[in-house]
Structures are given as structure tokens and as C-alpha cells.
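The values are calculated or read from the model by the stated rules, or taken from the named source; none is laboratory data. Please read these numbers as outputs of a predicted model, since none were measured by experiment. Cβ atoms come from the backbone with ideal geometry, glycine included; neighbour counts cover every protein chain shown. Side chains included, ligands, DNA and RNA excluded: accessible areas come from the protein's heavy atoms. Shrake-Rupley method; radii C 1.70, N 1.55, O 1.52, S 1.80 Å.
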Amino acid sequence: MALSRFQLLRPPHPSLPLSSSPPRTYLSPLSSISHPSWRRGLGRFSASRLLCSSSDRPTQQDSNTGESLPSSIVGDLLDYLNESWTQFHATAEAKRQLLAAGFHLLNENDDWDLQPGGRYFFTRNMSCLVAFAIGEKYRAGNGFHVIAAHTDSPCLKLKPRSASTKSGYLMVNVQTYGGGLWHTWFDRDLSLAGRVILKTGDGSFLHKLVKVKRPLLRVPTLAIHLDRSVNSDGFKPNLENHLCPLLATKLEETQTKSEEKATLSSSPKVPHHSLLLQVLSEELGCNADEIIGMELNVCDTQPSCLGGANNEFIFSGRLDNLASSFCALRSLVDSCKLPGDLSNEKAIRMIALFDNEEVGSNSIQGAGAPTMFQAMRRIVDSLVHQSIGETALERAVHSSFLVSADMAHGLHPNFPEKYEDHHRPELQKGLVIKHNANQRYATSAVTAFLFKEVANIHNLPVQEFVVRNDMGCGSTIGPILASGVGIRTVDCGIPQLSMHSVREICGKEDVDIAYKHFTAFFKTFSDIDKKLSVDF
């Protein structure tokens with residue numbers, strides 16, 4: 001999604017044969033290089049390699065169940081990443097895929113009439129989503145098997161009053177969101193995406209998502225000639241003064257009347273540049289004065305793609321944590337897409353994708369809200385067709401199990417000293433189970449064993465991670481949900497490099513392993529869990 005009028009790589013429409021469209025390649029700086037060797041190299045980066053559609057992807061058989069699974073979901077993940085520039089777009093794309101798979105959309109404001117064997121979901125704030133499939137043999141008191149992840153990533157967000165001018169330039173004021181590696185945002189081709197509130201002609205209001213696909217903004221670095229010590233002393237930008245993206249040059253006095261209005265946007269009375277509103281209105285197909293509210297992220301326009309000499313890596317922004325979100329989404333959909341997939345299931349399979357994890361989860365759409373617990377109560381209440389007592393709900397929660405899926409730290413070849421000697425997860429070696437004695441992760445010996453047993457049965461590799469004692473440890477939504485809901489939890493993640501950079505790296509094989517592990521969890525955990533008793 002690098003340029004507005006360039007057709008970035010997308011799979012053909014499922015109704016068309018793949019042969020009806022010639023293969024296309026990603027647009028990149030290499031496409032302008034005329035040397036034949038470069039053109040031959042680009043030929044490998046075709047639709048079939050990077051963003052092939054699931055309809056033509058070969059399948060493989062599960063050695064334990066005999067069921068057919070897609071041999072790879074990587075192409076679909078790249079599609080998802082390229083659609084999901086923001087948490088709103090990630091949720092909207094998940095919604096689209098669930099509807100296409102036959103899930104029924106619920107409204108939190110309505111009564112729910114749920115049935116065993118049914119598949120349902122709801123969204124909150126269009127940045128949080130909960131989806132679930134009810135086993136046909138479910139009985140009140142049986143548990144929920146949940147995979148939880150988050151839709152947000154560190155980024156820059158427009159301030160409520162974003163318009164500013166500096167030294168003849170129109171600038172955009174931004175806030176830092178989360179703990180990003182902010183130096184990586186300099187000298188990138190950036191744009192804007194998010195949501196807006198529109199005023200309609202009949203006096204009502206409309207909530208719409210927007211994405212400006214062309215490069216719109218830039219945060220330029222200072223030339224080394226003016227900062228001679230930057231390589232020796234380090235790049236240390238002031239995040240308030242130096243991280244302000246450039247939008248345009250200030251318009252000259254000889255401009256037209258419509259252009260004159262744009263300069264007024266530098267006035268304290270006008271929150272956003274008129275030029276910016278014009279760009280947004282063109283994207284939305286509305287008048288600029290119809291835009292009365294906005295929540296926009298600054299986004300990198302470079303598409304997600306495969307990389308490395310063997311195309312073994314995924315290069316992308318927002319891998320933390322959209323890679324986990326997509327694997328969870330796809331595993332739920334594929335674990336219950338056939339008529340008999342839920343016929344022997346006694347539990348409820350669920351995914352919960354939350355917003356605001358990167359800033360603590362304390363929001364109505366974050367994991368700190370009672371969203372998941374309330375959903376559990378409403379589901380059980382609807383299935384028994386009466387108000388349930390606390391005992392029934394507590395039994396259901398006690399029988400439940402949560403997989404908190406958030407990206408993990410893979411071993412960095414240039415900084416091996418930053419890792420504990422005996423817990424060094426590698427790319428392409430499978431999911432990482434995270435441990436922390438101080439409960440920064442919610443994993444226990446029991447939950448780790450059960451999750452590893454799922455992998456053992458299906459011949460899937462598993463790794464483990466512990467942070468060094470002389471370093472601080474990050475956290476996830478795992479401890480928040482474990483303590484808030486009272487649910488057994490394991491923390492795990494796909495190993496990656498460059499976490500919280502504008503551009504991250506993970507292994508292609510790990511995505512497929514995570515998908516298989518999550519799918520196996522949904523399909524087999526009920527049988528595994530009943531083999532181990534801890535408190536009775």
C-alpha cells in the first residue's frame with residue numbers, strides 16, 4: 001500500500017481462475033532499475049510467492065487426525081497485514097473474514113439467542129473483537145478454550161490539534177503511542193490511517209475507516225554535516241521537537257482562494273490543516289467540512305512481504321501483534337468450518353483480540369475491561385435460557401484455559417549477550433512459551449505442560465524463554481486476564497527480531513507452526529485437559 005494509484009499485490013478475486021490474471025510483483029525501488037539481472041531477480045517475487053490466495057494453496061494432512069490443513073497461511077497473513085494499518089482496520093478485516101466464514105454478528109446491546117453448534121462474534125469500539133464457536137455437546141459449567149491477542153502496535157498518533165507550521169513548512173503534531181523504537185520512524189515513507197466521524201445531510205453521524213495509501217508524511221533526519229557526533233554519541237531525538245512529520249511546504253501569498261484557506265489552518269482556532277482535511281475528504285469521497293472528528297495513526301506505507309535469500313522471513317510493520325491475532329483468527333475459523341467439527345466438542349472455542357495492550361490495557365476496549373468475562377457469562381446464560389448462578393459460572397471459568405499469544409524475543413545474532421544462556425528462542429523453531437517467576441507472564445508449570453502436550457501430540461516444536469536476572473521483563477495481557485477472570489493461562493508467542501520497530505522480522509515457518517499449534521489446541525485440548533487433575 002505504498003502509492004495511491006499503484007495496484008499493490010492482492011490475490012485475484014476468488015470467482016476468477018488464477019490464470020486469468022498475469023502475475024504481478026511488488027512495486028519497490030528495484031522496479032526502476034533497468035539492469036537485466038535486477039529484473040530477473042524481481043521475477044521471483046510474484047503473487048504466488050508473496051500473497052497467494054487461500055483458494056489455490058495446497059493442503060496437507062494432519063498426521064494425527066487425518067484432516068486437511070492448508071500447507072501455509074503466510075500469504076493470507078501478508079494480506080491481513082497489508083489491510084490492517086491500524087487496530088480499526090485489523091478488527092474490520094477480522095470481521096469481514098468471520099462473516100465470510102459464516103459467523104453471526106452479535107450486538108452487545110441486544111439479547112443473545114445462542115445455540116450449541118453456533119458460531120458468533122461481536123466487536124467493541126471497532127478495535128476489539130471476541131469470536132466463539134459453541135460445541136454441540138456443551139453443558140453449563142463446561143469451560144472456554146480461549147486464545148487472546150491484541151490489535152494495537154506502537155505508532156505515532158495525531159494530536160487533537162495537529163496543525164502547526166515551522167520554518168515555512170506545514171507540519172503535523174503527533175503523540176507517541178506505546179514503547180516504540182522511535183528512531184526507526186525517521187526517513188520513512190509515512191501516511192495516515194484510522195477512523196473519522198462524518199456529519200451527514202440529514203443531521204446524523206457516520207463512523208468510517210480511512211486509509212491514505214500514498215506516502216503523505218516524512219520525519220526527516222538532520223544531515224550528518226550538521227550533527228557530526230551523531231554516530232559516536234548516538235541519535236537522541238527530542239520526541240516533542242524532532243518527531244513532527246512534514247506534510248507540505250507553506251503555501252505562497254500568490255495562491256488561489258481555496259489554497260488561502262489552507263494557510264488559516266496554522267491558526268490556533270483551526271485544529272487541522274485544511275490541506276490535510278482535503279486529502280482525507282478525497283479519500284473518503286466527502287466534503288472536507290463533513291469531517292467533524294478523527295482518530296488517525298501515522299503508518300509506514302511499505303508493504304509487508306517475504307524476504308531473505310530463501311524468502312524465509314516476513315518483513316513487516318505491526319507483526320507485534322497482528323501475526324498472533326491472525327493466527328488466532330484463522331485457527332478458530334478453520335477448527336470449526338466443517339459440519340462435524342463441533343459435533344463432539346464439549347467446550348466453547350473463543351478468540352479475544354484486544355486494543356491498548358501497548359499502553360497497559362486499561363480501556364473499555366482493552367484486556368483490563370471485563371469484556372471477556374461478561375461475554376462468558378452472557379454465553380452461558382443464553383445457552384441455559386435462564387439467569388445462571390455464580391456457581392455455574394465459576395465452574396465454567398475454573399474449567400477454562402487461556403492462551404495469551406504475544407510476540408516473543410528471538411535470539412538476535414548481533415546481541416547474544418542480552419539473552420539468558422539456556423533460554424534463547426530461535427526463528428523458524430516454533431512457538432515460545434514465556435516464563436517469569438515474578439508473574440510478568442502468567443505461565444505456570446501446569447499450563448506450560450498442557451500447552452506443550454498439545455504440541456507433542458501433533459509433533460510441533462516448542463521453545464521456552466526466560467529473561468535475564470539483570471534485566472527487566474516486559475508483560476502481556478496474560479496476567480491481566482488470569483487475575484481479572486481467574487482463568488488458567490499460558491503466555492506464548494512467535495519469536496521475532498526488531499520488536500517495536502517500524503519494520504519487524506519473523507520467520508515464515510513460525511507463523512505456520514503457530515497456526516497449527518492453535519488449531520490443535522482448539523481441536524484436542526478438551527481430551528488432553530481431562531487427563532490431568534491438580535486440585536482434586
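May I ask you to give the solvent-accessible area per residue for the stretch 421-465, in square angstrom, as obtained with a 1.4 angstrom probe? Could you put the intermediate results ahead of the total?
Values: 2150 Å² over 45 residues.
Ligands and nucleic acids excluded, the result is 48 Å² per residue.
Per-residue Karplus couplings for the stretch 396-410, computed as 6.51 cos²θ - 1.76 cosθ + 1.60 with θ equal to phi - 60°, are listed in order as 5, 5, 5, 8, 8, 8, 10, 9, 8, 9, 8, 4, 10, 7, x Hz, Gly and Pro entered as x.
Out of the total accessible area of the stretch 138-224 (probe 1.4 Å, heavy atoms of protein only), what percent is carbon and sulfur?
On the way: 1870 of 3580 Å².
For the stretch 138-224, the apolar C and S fraction of the accessible surface comes to 52 percent.
For the stretch 377-521, which whole percent of the accessible surface, found with a 1.4 angstrom probe, sits on carbon and sulfur atoms? That share works out to 49 percent.
Between the amide H of HIS409 and those of GLN496, distances stay under 5 Å, these residues lying 5 or more places away or on another chain, with hydrogens modeled in the peptide plane. Here the 3J(HN,Hα) profile of the stretch 72-87, calculated from phi with Karplus coefficients 6.51, -1.76 and 1.60 at θ = phi - 60°, is 7, 10, 4, x, 5, 4, 4, 4, 4, 4, 6, 7, 9, 5, 9, 5 Hz, Gly and Pro shown as x. Taking label points 7 Å from Cα along the Cα-to-Cβ direction, ASN231 and HIS398 give a separation of 6.6 nm. 3J(HN,Hα) along the stretch 496-508, derived from phi through the Karplus expression 6.51 cos²θ - 1.76 cosθ + 1.60 where θ = phi - 60°, amounts to 8, 10, 6, 4, 6, 7, 5, 9, 10, 9, 9, x, 4 Hz, with x in place of Gly and Pro. At the listed q of 0.17 Å⁻¹, the Debye profile of the stretch 392-465, built from one uniform point per Cα, gives log10 I(q)/I(0) equal to -0.75. Rolling a 1.4 angstrom probe over the protein heavy atoms with all chains in place gives the stretch 289-390 an accessible area of 34 Å² per residue. Taking every Cα-Cα distance in the stretch 303-387 and sorting them into 5 Å bins starting at zero, the pair-distance distribution P(r) comes out as 3, 11, 13, 16, 18, 14, 11, 8, 4, 2, 1, 0 percent.
Do me a favour and compute the ellipsoid semi-axes for the stretch 434-506 from its Cα gyration tensor, root of five times each eigenvalue, largest one first, whole Å. Intermediate results must be reported in sequence, preceding the final value.
On the way: eigenvalues 86, 67, 31 Å².
Ellipsoid semi-axes (Å, largest first): 21, 18, 12.
Note on the stretch 189-248: Cα convex hull, mean projected area over all directions, 6.5 nm².
Could you state the number of Å between the C-alpha centres of the stretch 476-531 and the stretch 355-431? Measuring centre to centre over Cα atoms gives 8 Å.
Kindly state, to the nearest 0.05, the FRET efficiency for LEU99 paired with LYS159, given R0 = 45 Å and r defined as their beta-carbon distance. Let's see the in-between values first.
Numbers: r = 35 Å, r/R0 = 0.77.
Efficiency for this residue pair is about 0.85.
How big is the C-alpha Rg of the stretch 407-536 next to the rule-of-thumb value 2.2 N^0.38 Å, as a ratio?
Values: Rg = 15.0 Å, N = 130, 2.2 N^0.38 = 14.0 Å.
So the Cα radius of gyration is 1.07 times the expected 2.2 N^0.38 Å.
Principal semi-axes of the equivalent ellipsoid, √(5λ) from the alpha carbon gyration tensor of the stretch 73-130, are 24, 15, 6 Å from largest down. Of the solvent-accessible surface of the stretch 273-344, computed with a 1.4 Å probe and all protein chains present, 48% belongs to carbon and sulfur.
Restricting the calculation to Cα atoms, the stretch 56-186 shows an Rg/Rh of 1.10 when the hydrodynamic-style radius is the Kirkwood one.
Between the amide H of SER501 and those of LEU181, distances stay under 5 Å, these residues lying 5 or more places away or on another chain, with hydrogens modeled in the peptide plane.
Tell me the per residue accessible area of the stretch 122-199 using a 1.4 Å probe; a whole number in Å² is fine. Spell out each step's value before the answer.
Numbers: 2410 Å² over 78 residues.
Roughly 31 Å² per residue, with all protein chains present.
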